[in-house]
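Everything on this sheet refers to the single structure shown next.
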């Protein structure tokens, strides 16, 4: 009885599979199916290009709008060409910032910067904002800065669940003295799909699993909510590291 039932179910499954395959082939032969496939292919090709161009154009025009009001009208290109030239303000901003960096590198420039910083230090509300912004820019753009360069896994928000974090500097001496006696590191866990928000915390280094993937790959993974995965080799290493960390936590010390 059981054998006959299994045969009946197997034949039914074969019939359903054949019907589904025939329906799929029929759909592929329909003209609208070809139009749909062509449209989706064109969307995949044109979508990233359009978004990249739009973001680039938005940035260029934003810088132009900031710089152009400070440029005298006789020096604007449209005064002579009667055509708006995008990127003119961006070029001027690049030249001015480079020249400012050149001036700051010598004694006179450093003296002026120090005078300006002393003036800002006397302003109660402006002082903390300026100091914070200066530290962030120095960390991000200076060669000696220690911005996010390492990606790691941390077990969060529950046992068996792992989240990506970006590691930066270790805590200062004052904070380390008040943390438990273990090596801690600063970790930032961005939210998906907006990585500009997230959680910052100090975590023991022994509870982290450092990954051999780039910050760009991890950021792409977060922003796409897992739809764009790292390469196959990176994905295998990530899974192996997570499994090793889970096994280490499960084994008795």
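The values are calculated or read from the model by the stated rules, or taken from the named source; none is laboratory data. Everything numeric in this text was worked out from a predicted model, so none of it was measured. Cβ atoms come from the backbone with ideal geometry, glycine included; neighbour counts cover every protein chain shown.
Some observations on this one:
- Every residue from region 47-69 that is more than 22 Å from the chain's Cα centre (by Cα), at pLDDT 85 or above and surrounded by fewer than 11 Cβ atoms within 10 Å (Cβ to Cβ): 65
- Qualifying residue in region 29-37 (condition: surrounded by 11 or more Cβ atoms within 10 Å (Cβ to Cβ), at pLDDT 75 or above and either in contact with a helix residue (DSSP H, G or I) (Cβ under 8 Å, 6 or more places away or on another chain) or in a helix (DSSP H, G or I) (or both)): yes
- Any hit, region 74-85, residues being modelled with pLDDT of 85 or more, surrounded by 10 or more Cβ atoms within 10 Å (Cβ to Cβ) and in a helix (DSSP H, G or I): no
- Residue check, residue 126 modelled with pLDDT of 85 or more, farther than 30 Å from residue 167 by Cβ, touching a helix residue (DSSP H, G or I) at 6+ places or on another chain (Cβ under 9 Å) and surrounded by 10 or more Cβ atoms within 10 Å (Cβ to Cβ): no
- Residues satisfying the stated conditions in region 155-196, i.e. modelled with pLDDT of 80 or more, part of a loop (DSSP other than H, G, I, E, B) and under 12 Å from the mean Cα position of the chain (by Cα): 191
- Every pair of residues 6+ apart whose Cβ atoms lie under 6 Å, when the first sits in region 49-67 and is more than 10 Å from residue 87 (Cα to Cα) while the second is part of a helix (DSSP H, G or I): 67/89; 67/92; 67/93
- Residue list for region 187-204, filter: more than 15 Å from residue 156 (Cβ to Cβ) and surrounded by 12 or more Cβ atoms within 10 Å (Cβ to Cβ): 195
- Screening region 217-239 for residues that are closer than 18 Å to residue 161 by Cβ and exposed (fewer than 13 other Cβ atoms within 10 Å of the Cβ) and picking the one that is modelled with the highest pLDDT gives 225.
- Residue count for region 170-190, restricted to those that are closer than 24 Å to residue 216 by Cα and touching a residue at least 24 places away in the same chain (Cβ under 8 Å): 4
- Annotation note: Cβ proximity below 6 Å between a residue of region 208-226 that is free of Cβ contacts under 8 Å to residues at least 40 places away in the same chain and a residue that is assigned to a helix (DSSP H, G or I) and surrounded by 14 or more Cβ atoms within 10 Å (Cβ to Cβ) (sequence gap 6+ or interchain) occurs for 212/237.
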